[in-house]
Amino acid sequence: MPDLLSRMRSYLFYVPVVYLYTAIMGIGSLASSLFDRSGSIQHKFARGWSKLILATASCPVEIVNPEKLNVGGAAVYVVNHLSALDIPSLYAALPFQFRIMAKKELFRYPVLGWHLKRSGQIPIERENARASLKSLVRASEALKAGMSLVVFPEGGRSPDGHLQPFLGGSFYVAIKAQAPVVPMALIGTYEALPMNSFHVRPHHFQLVVGDAIPTAGYMPREMDKLAALAEAAVAELYYARSTVARPAVVPDDDALRHTQLTESPEGR
């Protein structure tokens, strides 16, 4: 019975109210874009929209290690992607203006897509290499101009709560701009609203901030190396606090054969 009541609350109240918030705040954001070239007013609308969503869902978000957010300038903040509640959580929690690098499909949605375009968010089109490179260059220029970026390097939401491999594009941007990479882990959003679900469960969220990773000395061709370093940092932050267990490390075939040879009597 409690689960049924929770589902009814989501389907009959929460989801319609979120659409209402999106329409009202989206229209306000679009109107402000006619005279606000900096995007600061639109960012405030996005923060207000996010706080309304989280308050209605009874999902407060807390920043852990907030002092690590300040790196003395623009940075690329990389975070895991678990839920449709991730973006509201980031807008509600982060105390500074930023731009999001997001997949181009989001820019096609009514109201939301219009807001993304007018507020200067950066679309990534992974199927088109030339368009993708153009977006990455635009993102690096925004960084150099002093605007921080927030990115989901996994490329999409996790279907099971575990981290997925990080893609290199956002790290190419950080290297080109010589901006630090700040690893962050969102915890709790998967439990509140997993992928392909409309059933929202009240939950306490945490945004855990790690130590910044400098990009000085990195070359663009080393973006995958930097991605692996950031992925390990986010994984450490995430699995230390999440209810989702860290997956077991399965050795590859070559490593397994090497272990068997060295441990067998013949291999000694």
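Here are some notes:
- Considering only 211, 36, 86, the Gaussian network model of the chain with Cα springs below 10 Å gives its largest mean-square fluctuation to 36.
- Note: relative contact order over the chain, using C-alpha pairs below 8 Å and six or more positions apart, is 23 percent.
- Whole-Hz Karplus values for region 144-158 come out as 4, 7, x, 9, 6, 10, 10, 9, 10, x, 6, x, x, 6, 6 Hz, taken residue by residue from phi with 6.51 cos²θ - 1.76 cosθ + 1.60 and θ = phi - 60°; glycine and proline positions read x.
- Region 10-113 - Rg (one decimal) and Dmax (whole number), Cα, Å: 14.4, 45
- Working note: Karplus 6.51/-1.76/1.60 with θ = phi - 60° gives region 232-239 the couplings 5, 5, 5, 4, 4, 5, 6, 6 Hz, where Gly and Pro are set to x.
- Nearest-20 debye value, region 2-244 charge dipole, Cβ charges on Lys, Arg, Asp, Glu: 820 debye
- Cut-off under 5 Å, modelled amide H: who pairs with residue 62 long-range: 205, 206, 207
- Cα-projected label distance for residue 195 with residue 216, points at 7 Å along beta-carbon direction, nm: 3.8 nm
- Over all directions, the projected convex hull of the C-alpha atoms in the chain averages 17.9 nm² in area.
- Quotient of C-alpha Rg and 2.2 N^0.38 Å, computed over region 13-73: 1.38
- If the convex hull is drawn through the Cα atoms of region 142-258, its volume per residue in Å³: 144 Å³
- Per-residue ³J(HN,Hα) for region 196-201, Karplus 6.51 cos²θ - 1.76 cosθ + 1.60, θ = phi - 60°, Hz, x for Gly and Pro: 6, 10, 10, 8, 8, 10
- Beta bridges assigned by DSSP with both partners in region 2-244 are antiparallel in approximately 20 percent of cases.
- Distant-in-sequence amide contacts of residue 103, defined by a placed amide H-H separation under 5 Å and a gap of 5 or more residues or a different chain, comprise 124.
- Debye intensity ratio in log₁₀ form over the Cα atoms of region 63-218, taken at each q of 0.13, 0.17 Å⁻¹: -0.59, -1.04
Taken together, the values in this text are just the output of simple stated rules run on the coordinates, not laboratory data. Predicted, not measured: the structure shown is a model, and the values here were computed from it. Reconstructed Cβ throughout: ideal geometry from the backbone, glycine too, with neighbour counts over all protein chains shown.
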